[in-house]
């Protein structure tokens, strides 16, 4: 589907000392869709996200974002191209308040040289931070140091940070990891509100969440793309069942 | 205001600071008292004038502890003797002491403390060039007379010298003037300088070397870091034709180079020569039997027996006063060797201060300039206060001149004087004229 | 020239072996506890200082060689138990903390031992001829002892249970715990062993270099260089590096001024840090 | 808890109050306290410049002595050898160390953790080795003595041989530097620094070129360390290669840690307290390093956030 | 023998185990199955004391394990084979075995027993563990767990990443070990293997055990399989 594909991976590979973590993976994500990446432990899902965001360099293949080759760019450059992500293990500015966390992300789109600029004067960033706090529902906890938040709130904040960079593509790495079933459901609800219209690649183990949210699924196994399709297609796929159920 | 005699500090008036000051006073006086006790029991009452305070900074904690120990000992003994003899101009003399930590930054801080907090009238002490360089501009800034205790940097009385600093003691240029010719004539014409890659080492190699070369000798210079542990890589570079190996290191490396020279067997084919600064205050038994046969350029014979006849009476009294045996050891600790060649400065300077005060009619800091003028024209005759012999100040550069000695280490590790260089032979053109600056 | 070279090479090896011992202790502690021990030089110095006292009392160098490292080992034990244990997992904090410990130990040595350099007589005074120079037998003996200690350390690490544990903890701490290895005790004994090695090399070097409370400061930097170039955590890389650096230094100083050599070797170290932060022999 | 309005007014009030007290010192105290405070202020500036790179960006630099010493030489050498004025010397004492910091930082910020610590020590060692051996330029360990010419401010000539003038000059420059740093760490730029300290990977992922910001912080810190060295040299009239030795950085480390890293007021407090302690102790016992080392170690173990952190914790 | 009840574990703020309860009886081979990230590995680590349990109790032979320092747990008679083997790569196979005998020397009889299960281990004794193939590493890892003569072995995904032929062999060996009297708690993602060898099977979901049954009971309950193990909602 050329034209409206926003992210394209062409035969991307990455090995770690002989282990092929990602093995000629090809993938195409369309604008506006929510694509879930599933697969057993060690299938290479997180590695794939790391390749897209430039944390690891691909050993082979190309990654195109909006038709532009971003394979060799550094993470900060890729962020400025419009890709944002959350991490599997919560990664916040843990000693700072919720407000400061969001602010740090919100101001990242501005170019600034003046070391003496007053943050109060940046009304646009302030408004954006306020908007984000509302959107994440963390406005009443804005002054709290984020290491004191509940884990669920931390996960939401993590997403809030990612969203505050105005991404065109959002990568979510196991947003419900470490949450109970009830908490997961609450998070999914919040996500629906927060992420409306956003193009998303979602790595998730919780099938409930995946089925609830995703438009299409890609199944990874040993670094390779095993199958791709709508949830219904994937459910009916024998190979996938074998991988998951051992049948 | 600038000379430190300004109005009293609020704190002083409030008295919160008194206890600490009293503490210093008590300790210094206690020490002085002890020294007095050992001399005589003659009680003395002082005039109404407030005490004259002499501030000292010495190397007491780091590196050169032994210098601090002995220079302080000499200073205390001198002050005790001065007080026993009636003080200066009828005023009692007090000593205020601080440690330099061999750290110019710390020393300058302590020096300011001496001037501004302890309000001393005169300052003296330290054998460290960096320390003296650091306090040198402060002496000028506060117009505070300062007398070095034996630092060798020629610059201290060189062309950038300041008017409130005087050195009665030798330095690199004078050492060279005193020592090169003798070495050149008696030890050999082919010299190798193995010196610390450090300002002090550079200047010794330069001062000696240029004279040797001018006289037609050959020189080689090997620089090694001052903190070298293993000298073998440098010693192996010594030219095979070398006749004189001149070394200059301080502290542990000074011992190291001495013994490692012998370990490599170099002592058999060349003469060893150095300035006593390397091992002053270090017992020859510590330097080791490897040092037998080495030559030192010194500024006071370590052993009483080596002191020239006409000075022996003064030397005897001086040794008794500072608590030093005939072999240059601490009377209470035979392992503690005195820095014989440096410490006499602290013995003589207080007396010279007294002379200059009397000559200039000094009462307080207002007459510091006159005091300095008087001090720098002093000619001290050999006597109880000048056991090292006649001493002469030169008013141009505030440099003093005194006799030098050449000592050689005997197989029994005593130091034997084999030559004496009279101070007249050490004169060089004054690089500066400070007379107009006072 | 031949004699220069022969002395340079021989001495490079001898001095390299002593340096290797110091660096081994530093590296052992780093490899296991991830502590950059700024106090290591001070422990080396304490070894030499204690040995001086023992020799003063008994006149026996070989006794000092046994006693002084044990005494320093006790200090290491106290430091690990009392101070470092609670902050072991914070590398930057341990650097600052060991820096503070270094200040304290140096000052203590100064207060009680004094600032004057002391000499320890060569326990074996002989020399043997080497071309037109001579070379002290004791240096060869010291090198041999140093090498023997390294062999002993190798045997300890490879032939004993504790050594096995140490090697295991370096590779996979979590699994070591899961197998029942008391990791905290291993840490403690590693720190003690590192301290003992530092002190032991201090005693070994003492008859060559004289004893002085500042003797550890410059050695520390040399040991850092060796550990980094050889690879942090790579013990035998340190040994090779120590000998090679000593050789280069010995041979190189025939040709260049020492400060130039120092600047170049420091520059080389920067290069290693940037290009191969794991060290030349690290993987 | 105080109303926000009061809180906003608290700092300017406190700052003005402290500055006023310090400015009043020469009218009540004798010269000693002026010189002592001059020193404290200079070391405090050195400590906060170190804290910018350590407390705010999270990089432990043991190499700040290099910039401190260079700042000193940047004042001394042009004045002494080129006959330049004190004003340009002070500007150079910021510019030259900042330029060196840019060079050193270019390599150093690629490394993190202990590797960063070590590379900064190495650079400082190179500096002190060159400084100690290039005696014709630097005077080596003996150092250089110079008499600073009066500082020409256009409207007035400041005689730097005068204690009080020097005190006010140092007080003014340190106060301005403090305000500058305070503004900076609260500015968007400062927020990036703190973000990098808290979570470098996250900062990179939201689009910050982490290395560039680290380099920027390193250069600013280097420039200010240099300024501290310049002021120190100016008050002493003496520059020395010993100031370049990496162990001099230890002062800044101790002051910042004891006072509270990651705050600006902490290092200033730390400098004041430790130096006062040293000056007091020096009359009682000689082993001041013993006490400094012990204070450092016990702070790390008992109050890892320093005095300021401890007080804040208590207030909560 | 092992009784876990109401265990709650956290990674930082994230709660991974929400009151896990399970039991292994003397001589039993129990399977623990569940999808990725449901807390199976954490359950094993909680037993080993590697992750502290903030609530609940872990009793081994009636003695409480929670609060016992991690390094003391193996001495009580529990061995652990972690996911990914975690051999010490730079140690030889022999050393990898020796290290597990924290309290004493290797028992030759036990060693022979291990050779019996895995003849390959004997051949590789002198080789560095890092140079072994995945299957061989797994054999050494199991051998390392057995050499300390445990009463209970915790096995975390021993067949992960192995060739099908080896999967079979490992499964059979596990069964053989169990038959000689060692209790085993076996974690797998692959239900098929478990159904063949286990006495009982627990299914985990979101940090809690949601189903318990014998293989045949599970076989019958297709809905359970679909619900907890398949990709279907």
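The values are calculated or read from the model by the stated rules, or taken from the named source; none is laboratory data. What you see is a predicted model; the values in this text were computed from it and never measured. Positions of Cβ are generated from backbone atoms using ideal geometry, with glycine treated the same way; all protein chains shown enter the neighbour counts.
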Residue C:129 farther than 30 Å from residue E:105 by Cα and touching a residue at least 12 places away in the same chain (Cβ under 8 Å): no
Some residue of the stretch C:237-248 being more than 28 Å from residue C:81 (Cβ to Cβ), within 14 Å of chain E (Cβ to nearest Cβ), in contact with a helix residue (DSSP H, G or I) (Cβ under 8 Å, 6 or more places away or on another chain) and part of a helix (DSSP H, G or I): yes
Evaluation of residue A:238 against (1) in contact with a helix residue (DSSP H, G or I) (Cβ under 8 Å, 6 or more places away or on another chain); (2) surrounded by fewer than 16 Cβ atoms within 10 Å (Cβ to Cβ) (one fails), failing number: (1)
Residue B:131 in contact with a helix residue (DSSP H, G or I) (Cβ under 9 Å, 6 or more places away or on another chain) and either in a strand (DSSP E or B) or more than 9 Å from chain D (Cβ to nearest Cβ) (or both): yes
Residue satisfying condition, being surrounded by fewer than 24 Cβ atoms within 10 Å (Cβ to Cβ) and under 24 Å from residue C:83 (Cα atoms), within set C:240, C:248, C:208, C:221: C:221
Qualifying residues in the stretch B:270-281 (those that are assigned to a loop (DSSP other than H, G, I, E, B) and touching a strand residue (DSSP E or B) at 6+ places or on another chain (Cβ under 6 Å)) - the one surrounded by the most Cβ atoms within 10 Å (Cβ to Cβ): B:281
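Identify, from the list A:133, A:116, the residue that is assigned to a loop (DSSP other than H, G, I, E, B), farther than 30 Å from residue A:47 by Cβ and touching a helix residue (DSSP H, G or I) at 6+ places or on another chain (Cβ under 9 Å). Outline the logic, then answer.
Working: A:133 fails: assigned to a loop (DSSP other than H, G, I, E, B).
The conditions single out A:116.
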Residue C:168 within 14 Å of chain E (Cβ to nearest Cβ), touching a strand residue (DSSP E or B) at 6+ places or on another chain (Cβ under 8 Å) and over 26 Å from residue D:248 (Cα atoms): no
Filtered residues of the stretch A:24-33 (kept if part of a strand (DSSP E or B) and surrounded by fewer than 20 Cβ atoms within 10 Å (Cβ to Cβ)): A:24, A:26, A:28, A:30
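Hey, any hits in the stretch A:153-176 for a residue that's buried (at least 17 other Cβ atoms within 10 Å of the Cβ) and within 30 Å of residue E:196 (Cα to Cα)? Working first, answer last.
Applying the first criterion (buried (at least 17 other Cβ atoms within 10 Å of the Cβ)) to the stretch A:153-176 yields A:153-165, A:167, A:169-176.
Those still in the list that are within 30 Å of residue E:196 (Cα to Cα) too: none.
Looking for residues that are buried (at least 17 other Cβ atoms within 10 Å of the Cβ) and within 30 Å of residue E:196 (Cα to Cα), one finds none in the stretch A:153-176, hence no.
Quick check on this structure: which one of A:23, A:15, A:41 is more than 14 Å from chain D (Cβ to nearest Cβ), more than 17 Å from the chain's Cα centre (by Cα) and free of Cβ contacts under 8 Å to residues at least 12 places away in the same chain?
Values: A:23 fails: free of Cβ contacts under 8 Å to residues at least 12 places away in the same chain; A:15 fails: free of Cβ contacts under 8 Å to residues at least 12 places away in the same chain.
Criteria check complete, one pass: A:41.
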Residue that is surrounded by the fewest Cβ atoms within 10 Å (Cβ to Cβ) [pool: residues in the stretch A:101-117 that are within 13 Å of residue D:186 (Cα to Cα) and within 7 Å of another protein chain (Cβ to nearest Cβ)]: A:116
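Among the residues of the stretch C:171-201, write down those that are within 7 Å of another protein chain (Cβ to nearest Cβ) and either crowded, with 20+ Cβ neighbours inside 10 Å or assigned to a helix (DSSP H, G or I) (or both). Give the derivation first.
Initially, the stretch C:171-201 is screened for residues within 7 Å of another protein chain (Cβ to nearest Cβ), giving C:171-172, C:174-175, C:177-183.
C:171, C:174, C:175, C:177, C:178, C:179, C:180, C:181, C:183 - these are the residues of the stretch C:171-201 that are within 7 Å of another protein chain (Cβ to nearest Cβ) and either crowded, with 20+ Cβ neighbours inside 10 Å or assigned to a helix (DSSP H, G or I) (or both).
Quick one: which helices (runs of 4 or more DSSP H) sit completely within the stretch D:90-204 and have at least 2 residues that are crowded, with 21+ Cβ neighbours inside 10 Å and touching a residue at least 12 places away in the same chain (Cβ under 8 Å)? Full working, then the answer.
Values: elements: D:113-133, D:135-138, D:163-186, D:188-198.
It comes to D:113-133, D:163-186, D:188-198.
Just to verify a result, which residue in the stretch B:211-239, among those that are free of Cβ contacts under 8 Å to residues at least 24 places away in the same chain and more than 7 Å from chain C (Cβ to nearest Cβ), is farthest from residue C:216 (Cα to Cα)?
At the first step, the residues of the stretch B:211-239 found to be free of Cβ contacts under 8 Å to residues at least 24 places away in the same chain are B:213-214, B:233, B:237.
Cutting the leftovers down to more than 7 Å from chain C (Cβ to nearest Cβ) gives us B:213-214.
On the way: B:213: 39, B:214: 42 Å.
Within the stretch B:211-239, the match that is farthest from residue C:216 (Cα to Cα) is B:214.
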Qualifying positions in the stretch D:193-211 - more than 7 Å from every other protein chain (Cβ to nearest Cβ) and under 22 Å from the mean Cα position of the chain (by Cα): D:193, D:196, D:197
Qualifying residue in the stretch B:196-217 (condition: in the same structural domain as residue B:417 (by TED's automatic domain parsing) and in a strand (DSSP E or B)): yes
Residue within the stretch E:92-112 that is touching a residue at least 12 places away in the same chain (Cβ under 8 Å), away from every other protein chain (no Cβ under 14 Å) and either in contact with a helix residue (DSSP H, G or I) (Cβ under 6 Å, 6 or more places away or on another chain) or surrounded by 15 or more Cβ atoms within 10 Å (Cβ to Cβ) (or both) present: yes
Yes/no for residue E:5 being over 27 Å from residue A:184 (Cβ atoms) and part of a strand (DSSP E or B): no
Some residue of the stretch A:80-100 being surrounded by 19 or more Cβ atoms within 10 Å (Cβ to Cβ), part of a helix (DSSP H, G or I), modelled with pLDDT of 90 or more and within 12 Å of chain D (Cβ to nearest Cβ): yes
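Report, by residue number, each residue of the stretch C:175-213 that is more than 30 Å from residue E:95 (Cβ to Cβ) and more than 15 Å from the chain's Cα centre (by Cα). Talk me through it step by step, then tell me what you get.
Of the residues in the stretch C:175-213, the ones more than 30 Å from residue E:95 (Cβ to Cβ) are C:202-213.
Result: C:207, C:208, C:210, C:211, C:212, C:213.
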Number of the condition not met by residue C:159 [criteria: (1) more than 28 Å from residue D:132 (Cβ to Cβ); (2) touching a residue at least 12 places away in the same chain (Cβ under 8 Å); (3) surrounded by fewer than 24 Cβ atoms within 10 Å (Cβ to Cβ)]: (2)
Scan of the stretch C:123-150 for residues that are part of a helix (DSSP H, G or I), within 12 Å of chain B (Cβ to nearest Cβ) and surrounded by fewer than 17 Cβ atoms within 10 Å (Cβ to Cβ), ordered by number: C:137, C:140
Subset of the stretch B:358-409 [more than 30 Å from residue B:259 (Cα to Cα) and assigned to a strand (DSSP E or B)]: B:379, B:380, B:383, B:386, B:391, B:392, B:393, B:394, B:399, B:400, B:401
